[in-house]
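Undergrad: Please find one structure pasted underneath; my questions will follow.
The values are calculated or read from the model by the stated rules, or taken from the named source; none is laboratory data. Since the model is a prediction, treat every value here as computed from it, not as a measurement. Using ideal geometry, Cβ is built from the backbone for each residue, glycine included, and neighbour counts are taken over all protein chains shown. Just the protein is used for accessible areas: all its heavy atoms, side chains included, with ligands, DNA and RNA removed. Shrake-Rupley method; radii C 1.70, N 1.55, O 1.52, S 1.80 Å.
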Amino acid sequence: MADVRTTASPEEVAKFEAMADSWWDPNGKFKPLHTFNPVRLEFIRDAAATRFGREIAADQPFTGLSLVDIGCGGGLLSEPMRRLGFAVTGIDATAKNIGTASVHAEKVGLDIDYRACLAEDLAAAGEKFDVVLCMEVVEHVADVDLFLTTCARLVKPGGMLVGATMNRTMKSLVMAKIGAEYILRWLPRGTHDWKKFLKPSEFAAGLRAGGLEVNSLKGLTFNPLENSWSLTGDLSVNYLLTAVPAE
Amino acid sequence: MSQTVSSSAGVSGPVLTCDVVVVGGGLVGGTLACGLAQHGVSTICIDKDDAAVLLDTGYDGRSSAIALACQRVLDGTGVWAHMVADVQPILDIRVTDSNSPLHLHYDHREVGAPMGYMAENRTIRRGILARFAELEKATLLAPASVAAVERRVDGATVTLTDGRVIRARLVVAADGRRSQIREMAGIRLQHGLPYNQVGIVMTVWHEKDHRGIAHERFLPSGPFAILPLPGGHHSSLVWTEKDPLAWTILKLPEEEFHAELMSRFGDFLGEVKVVSKRFGYPLTLQHASRYIDLRLALVGDAAHGMHPVAGQGMNFGLRDVAALIEKVVEAKRLGVDVGAATVLEGYQKWRRFDNVLMLGMTDGLVRLFSNDLAPLRLARTAGMAVVNKLPGLKRFFMRHAMGDVGALPKLMQGEPL
Ligand SMILES: Cc1cc2nc3c(=O)[nH]c(=O)nc-3n(C[C@H](O)[C@H](O)[C@H](O)COP(=O)(O)OP(=O)(O)OC[C@H]3O[C@@H](n4cnc5c(N)ncnc54)[C@H](O)[C@@H]3O)c2cc1C
Ligand SMILES: C[S@@+](CC[C@H](N)C(=O)[O-])C[C@H]1O[C@@H](n2cnc3c(N)ncnc32)[C@H](O)[C@@H]1O
């Protein structure tokens, strides 16, 4: 076998290919992403506002900055980021997602540079961005270490990376895997492979190999009583982090 | 010269783009448009009437009691600064009924702030128009009428009868009780039983200074309110009368009308003269079965029409305004599509329950008036300010009517967004 490493997993791509039409259905297969979108958008926005000294009440506060959304899917994050002023590039390993994302952006009148490619393609072309998003994607890639170091290298000096995934704990096995897929039926069965969930320390180690230091870490927690998501200190299921180039 | 523009495709005209289209530039829609624009949300407001008509004395002879929390909404949207010179603080309220002369007395000196303000609706409209002129992101198109509204998953298009086309993320119906936009969306109304009452409204001049005192009398035919206007010598009257009789009274020759009026008003302010047209408003209760639909939100009277004796129509409309501005601005600052279902659901959840409560309360109180409940009527007249200042009373209301109404929008607390 040739010594070519890739981050794309054919099974994962096939899985997303089959769901590519449902990205923008708030009650469809991607419902959880829709329901926690406002909370994670706030996390990303606030972290970027602090990092780049921008005022969140301003019109398009991030004008002049570039952002790449790795594994952008249908563009649930790319679109809001564009509205906030970033010049947005969205990439995905699943070509069909790029089709869905492009059609949607066009309909709502947003100019986003969507491309069907992998993080390593951007790295090979020497592209760099002020903000790199790796949201709910690392648990779907074939080579986690390669993926994280590659993403880290896409960050410009002075820039930042925002990541999110699910922790590999007993609680996440119960909540995110069995609960969400089998009991609540939020997600199609088999959406996630629990063994591929990443501990925050593993996420941080992967980024460190690419020259980034994690500088904040927050849990994203579902409150069943209020039927809402919020940022907490509980990292045991879903979590978010930011990382910046090490000094 | 009537020109018909079909609502189908092919209509040509300039295309305008904005975040939100507000149909109806009345007290509620106008304030909403100003508040959105001030917070960076580009807004086009459409009204069927020209500004000059809106300010005409014959257009709207009403005055509004503005509760303190709603004064904050007008303040936070920059409208208040343009009307503050023409408002009358309500310093004291005296409630009487046929049996006891001084039933309840509520004095601002005991609480340290006025209970609310009185302003002519024209004053508020003038304030809104002046504020529009200052805001870069607000556009007022008037006179203009809506020919068609197309609401899609990916956006909305409003076509005007003159052919202009507006593309927006969200359409807001602020076009009053008989909302065309609500009807076009097929949102049903729930009606209360008719009260068989009419609100007779006018402005009077009186010889003696009112000293900022509001009076509310409970007469057998319904409440009779004297509400102080700026300058000391004018007051706004809201005189409730049984249905067929009211229309007869409204048409009485001047002398006889004056005699009817004085028998209720009394002579405590000396000589009294009616200085406006006489207006008659049938009192009905209506409530939209829902406040939202695909890329559509209802606010103000388009969503809820209540008994005006409550003096709460505009106040509740301004609560809708404060909540919708907060939800839309929150979305805008997150880069979320401001017309997305999640944004609208948040608004409806926040407001509809609150309004059900108020409508129920108003309705129940109008019907089941008894001496024991007189303070509640007083509260309604003076606006929520009073209710808020009588926490025991408020709790009483709330408990009896279901439970807590949740957090107040920031604009109502005088906090910036
Ligand atoms: C007798 C009486 C006394 C009252 N006293 C008080 C009080 O003291 N305090 C208080 O808070 N409230 C009071 N109210 C209630 C208050 O006046 C209303 O609740 C308030 O005016 C509602 O405002 P709005 O903007 O929702 O509707 P409206 O004031 O009805 O405004 C609707 C606007 O939409 C425009 N419009 C309508 N249809 C269209 C269309 N198809 N296209 C474009 N534009 C359109 C109209 O021209 C108008 O400008 C009183 C009501 C009555 C009847
Ligand atoms: C759970 S979705 C998350 C989508 C989006 N980031 C969000 O949070 O809304 C994961 C996405 O990652 C994509 N993906 C999977 N493997 C990838 C890889 N190796 N490189 C880039 N994208 C990948 C999938 O096609 C899918 O669109």
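Undergrad: What's the whole-number percent of alpha carbon pairs in segment B:157-214 lying beyond 15 angstrom?
TA: Tail fraction, whole percent: 74.
Undergrad: Work out the mean other chain Cβ neighbour count within 10 Å for the residues of B:333-346 and drop it here as an integer.
TA: Values: counts 10, 12, 18, 7, 5, 1, 0, 4, 3, 5, 1, 0, 1, 1.
Per residue, the number of nearby Cβ atoms from other chains is 5 on average.
Undergrad: Still on this structure, please answer the following. Compute the length gained on full extension between B:GLU415 and B:VAL274: take 0.36 nm times their separation in residues and subtract their Cα-Cα distance, giving the result in nm to one decimal.
TA: Length difference between fully extended and current span is 46.7 nm.
Undergrad: Please identify which residues in segment A:105-146 have an amide N closer than 20 Å to a label point set 7 Å out from the Cα of A:THR6, following the Cα→Cβ vector.
TA: Residues A:115-126, A:137-146 qualify, since their backbone N sits under 20 Å from the label point.
Undergrad: So for each of A:20-33, B:196-209, B:65-78, B:250-263 I average, over its residues, the number of other beta carbons within 10 Å; can you give me the resulting order with the highest mean first?
TA: Result, highest mean Cβ count within 10 Å first: B:65-78, B:196-209, A:20-33, B:250-263.
Undergrad: Sort the following peptides by mean Cβ neighbour count (other Cβ atoms within 10 Å, averaged over residues), highest first: A:156-166, A:124-134. Working shown, then result.
TA: On the way: A:156-166: 20.8, A:124-134: 19.2.
My ranking of the peptides, most packed first, is A:156-166, A:124-134.
Undergrad: Counting partner chain Cβ atoms within 10 Å of every residue's Cβ in B:147-156, what's the average?
TA: 2
Undergrad: Something else: Grab the DSSP H runs of chain A that are 4 residues or longer, score each as -39,500 (n - 2.57), total them, divide by all residues and round the 222 nm result to the nearest 500 deg cm²/dmol.
TA: Values: 7 runs with 78 residues, N = 247.
Calculated from helices alone, the mean residue ellipticity at 222 nm is -9500 deg cm²/dmol.
Undergrad: Could you give the nm distance between label points at B:ARG211 and B:ALA130, where each point is 7 Å from its Cα heading toward the beta carbon?
TA: 3.0
Undergrad: Let me ask something else about it. Pulled fully out, how much extra length does the chain show between B:PHE353 and B:ARG152, if you take 0.36 nm times their separation in residues and subtract their Cα-Cα distance?
TA: 69.7 nm
Undergrad: Same structure again: In whole Å, largest first, what are the principal axis extents of the Cα atoms in segment B:124-229?
TA: Rounded to whole Å, the extents work out to 57, 41, 22 Å.
Undergrad: Can you report the principal axis dimensions of segment B:206-356 using only the alpha carbons, biggest first, rounded to whole angstrom?
TA: That works out to 61, 35, 24 Å along the principal axes.
Undergrad: Can you tell me the length gained on complete extension of the stretch A:GLU42 to A:ILE178, counting 0.36 nm per residue apart and subtracting the Cα distance?
TA: That works out to 46.2 nm of additional length.
Undergrad: Then there's this: Could you pull the Rg and Dmax for segment A:1-160, using just the Cα atoms, both in Å?
TA: Values for segment A:1-160 (Cα only, Rg and Dmax): 15.3, 54 Å.
Undergrad: List, in the order given, every pair from A:LYS31/B:LYS327; A:LYS156/B:LYS332; A:LYS96/A:LYS195; A:LYS128/A:LYS171; A:LYS96/A:LYS156; A:LYS15/B:LYS349 whose Cα-Cα distance in the structure shown is over 32 Å. Intermediate results must be reported in sequence, preceding the final value.
TA: Working: A:LYS31/B:LYS327 21 Å; A:LYS156/B:LYS332 27 Å; A:LYS96/A:LYS195 26 Å; A:LYS128/A:LYS171 37 Å; A:LYS96/A:LYS156 29 Å; A:LYS15/B:LYS349 36 Å.
From the list (A:LYS31/B:LYS327; A:LYS156/B:LYS332; A:LYS96/A:LYS195; A:LYS128/A:LYS171; A:LYS96/A:LYS156; A:LYS15/B:LYS349), the Cα-Cα distance tops 32 Å for A:LYS128/A:LYS171; A:LYS15/B:LYS349.
Undergrad: Using a 1.4 Å probe on the protein chains only, how many percent of the accessible area of segment A:10-245 belongs to carbon and sulfur? Provide the component values of the computation, followed by the final result.
TA: Numbers: 5440 of 9670 Å².
Whole-percent figure for carbon plus sulfur exposure: 56.
Undergrad: Sticking with this structure for a sec: Run the paramagnetic zone check for B:LEU55: 7 angstrom along Cα to Cβ, then residues of segment B:128-149 with backbone nitrogen under 20 Å.
TA: B:128-136, B:138-144
Undergrad: DSSP beta bridges in chain A, what fraction antiparallel, as a percent rounded to 5?
TA: Bridges in chain A that DSSP calls antiparallel: roughly 55 percent.
Undergrad: Over segment A:10-245, average the accessible area per residue using a 1.4 Å probe and give it in Å², no decimals.
TA: 41
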